[in-house]
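Colleague: Sharing a structure, written as structure tokens. Questions coming.
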Amino acid sequence: MLSLPRLPLFAAVVLCAGTPLTARTLLHAGRLIDGRGDTARAHVTVIVDGDRITGIADGFTAPAAGDTVVDLQSATLMPGWMDMHVHITSEQSPTAYTEGFFMNPADGALRSTTYAKKTLLAGFTTVRDCGADDKLNTALRDAVAKGWVDGPRIVAAGGVSTTGAHGDPTNGFSTALQAALADKNMGIANGPDEFRRAVRQRYKDGADFIKITATGGVLSLAKSGQAPLFTDEELAAVVQTAKDYGMKVAAHAHGTEGMMRAVKAGVASIEHGTYLTDELMALMKEKGAYLVPTLSAGRFVAEKSRIDGYFPAIVRPKAAAIGPLMSETFRRAYNAGVKIAFGTDQGVAPHGDNAREFIYMVEAGMPAMKALQSATLEAARLIDMEKDLGTVETGKLADLVAVPGDPLADINVVMKVNFVMKGGRVYKQ
């Protein structure tokens, strides 16, 4: 029998474990906001192995052989931010209402990749896209998941709406164009049976949730920004059918009556919520519905409404009237105890400026920590991803963002993101 040389014990251990040992990433954070606690922790090491957080330790852990250390000792580390209302495949401009006549879906898809990258590098590792033409949001979602495109994790809406409503893309078109587009899959329906069919089609299309336009809107080529656009029976059909297929419903809504109907029907969130009343806020608390405030969009449209020619004539008065009201409504809703999930409506305002919403929220009276939690823990709860996202905890996906300084002392530093990790991969450092 062949006699083998004896190895020192430490060598045997290394050989049994594999050589080299699996490399880890150690993030040495000056401050950690974990998304769950009400205060920040000082001098913390977050340990990442693969795509998951595998440990959190006080102090700065010394690296083992093969470990990578990221020095964030002068920064604040947080969970990756989550924007619950974007339109990541488009962006508002004076030509936005006519560019569709000159662009093919492939053009829009390629352009959307630039918006996705800007959003990710701004610190937003997950977004809920609230509607896109030609199923571009589901295609972009899948491209990001496959690693073809750098961008945030995308939860994609399938939109359904009523004839002539805010979600009807043929508003204002000529009769001939409306007729030519009548058979295109746009999610336009009327009556409970048609809406059941429309929701089932969106499920077939691969949507993750359903987006409805419960009231008029600002940017559509229609006169009213407040009118209720669904009957109670139609809303019940949408919500129940979505529930049957494991989907939640988000309701774009500005006007009071349309919001009341939508909340009673059981939607998961009200997007914008401009004319919320005390009665509605109490009902939202009772039902557990979230408000996604989109202050960025309100600020943007109010500012642009003052520029001649930026918006079509039918849009301009709506933008001027509704935009300035949104911050006050948000302040009242927060003080009333309504659940808040961070959302910007980027695609109205420019992609990549999403974090400016934090500044607007704090200006309106929300404490900085609560604003940050609205984009982490609360957002994860809204999309049922709290198991994997929303907090810095062992076992969760390594979605992490850092900013220089302390956002609890100066919320403006959220605009200076200097580190982004999504699923354990560093995209910005």
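Colleague: Of the residues in the stretch 374-429, how many are closer than 15 Å to T76 by Cβ, assigned by TED's automatic domain parsing to the domain that holds H28 and of a type in the set (G, A, S)?
Modeller: Residues flagged as closer than 15 Å to T76 by Cβ, assigned by TED's automatic domain parsing to the domain that holds H28 and of a type in the set (G, A, S) within the stretch 374-429 amount to 3.
Colleague: Here is a follow-up. Return the only residue of F330, F358 being assigned by TED's automatic domain parsing to the domain that holds L295 and farther than 17 Å from T274 by Cβ.
Modeller: Details: F330 fails: farther than 17 Å from T274 by Cβ.
When all the criteria are applied, what remains is F358.
Colleague: Six or more apart or on different chains, Cβ under 6 Å: which pairs go from a residue in the stretch 304-324 that's outside any loop (DSSP other than H, G, I, E, B) to one that's charged (D, E, K, R)? Could you list them?
Modeller: none
Colleague: I've got another one for you. If we only count strands (runs of 3 or more DSSP E) wholly inside the stretch 79-191, which ones have 1 or more residues that are at pLDDT 95 or above and among the basic types (K, R)? Even if it seems obvious, please write down each step before you answer.
Modeller: Details: elements: 81-86, 124-129, 153-160.
The qualifying strands (runs of 3 or more DSSP E) are 124-129, 153-160.
Colleague: Can you name the residue in the stretch 39-48 that is of a type outside the set (S, T, N, Q) and free of Cβ contacts under 8 Å to residues at least 40 places away in the same chain and, of all such residues, is surrounded by the fewest Cβ atoms within 10 Å (Cβ to Cβ)? Working first, answer last.
Modeller: So the first thing to find is which residues in the stretch 39-48 are of a type outside the set (S, T, N, Q), and the list is 40-44, 46-48.
After this cut, where a residue has to be free of Cβ contacts under 8 Å to residues at least 40 places away in the same chain as well, the list is 41-44, 47.
On the way: R41: 15, A42: 11, H43: 14, V44: 22, I47: 18.
Among those residues, the one meeting the criterion is A42.
Colleague: Another question about this same structure. Right, K416: under 24 Å from L280 (Cα atoms) and basic (K, R) or not? Steps first, answer last, please.
Modeller: Details: under 24 Å from L280 (Cα atoms): no; basic (K, R): yes.
Taking the combined requirement at face value, the residue does not satisfy it.
Colleague: Moving to a separate point now. Return yes when R36 is touching a residue at least 40 places away in the same chain (Cβ under 8 Å) and not hydrophobic (A, V, I, L, M, F, W, C) and no when it is not.
Modeller: Against the criterion (touching a residue at least 40 places away in the same chain (Cβ under 8 Å) and not hydrophobic (A, V, I, L, M, F, W, C)), R36 qualifies.
Colleague: Something else now. Which condition breaks for K370 when tested against (1) basic (K, R); (2) touching a residue at least 24 places away in the same chain (Cβ under 8 Å); (3) buried (at least 17 other Cβ atoms within 10 Å of the Cβ)?
Modeller: Result: K370 fails condition (3) only.
Colleague: Pick from D83, D67: which is surrounded by 15 or more Cβ atoms within 10 Å (Cβ to Cβ) and either over 26 Å from the mean Cα position of the chain (by Cα) or of a type in the set (A, V, I, L, M) (or both)? Quick ask: steps written out before the conclusion?
Modeller: Numbers: D83 fails: either over 26 Å from the mean Cα position of the chain (by Cα) or of a type in the set (A, V, I, L, M) (or both).
Just one listed residue meets the conditions, D67.
Colleague: Here is a check on your reading of the model: is T61 in contact (Cβ under 8 Å) with a residue 24 or more places away in the chain and over 22 Å from K422 (Cβ atoms)? Let's see the steps before the verdict.
Modeller: Details: in contact (Cβ under 8 Å) with a residue 24 or more places away in the chain: yes; over 22 Å from K422 (Cβ atoms): yes.
Yes; evaluated as a whole, the condition is true for this residue.
Colleague: Just to be sure I understand, how many residues within the stretch 313-358 are closer than 18 Å to Q226 by Cα and of a type outside the set (V, I, T)?
Modeller: Start the filter on the stretch 313-358 by keeping residues that are closer than 18 Å to Q226 by Cα, which leaves 313-330, 345.
If we keep only those that are of a type outside the set (V, I, T) as well, we get 313, 316-321, 323-328, 330, 345.
The number of residues fulfilling the criteria is 15.
Colleague: State yes or no: is A57 among the aliphatic types (A, V, I, L, M) and within 30 Å of V315 (Cβ to Cβ)? Can you show your working first?
Modeller: On the way: among the aliphatic types (A, V, I, L, M): yes; within 30 Å of V315 (Cβ to Cβ): no.
Answer is no for this residue.
The values are calculated or read from the model by the stated rules, or taken from the named source; none is laboratory data. These numbers come from a predicted model, not from an experiment. Cβ coordinates were reconstructed from backbone atoms using ideal geometry, including for glycine residues, and neighbour counts include every protein chain displayed.
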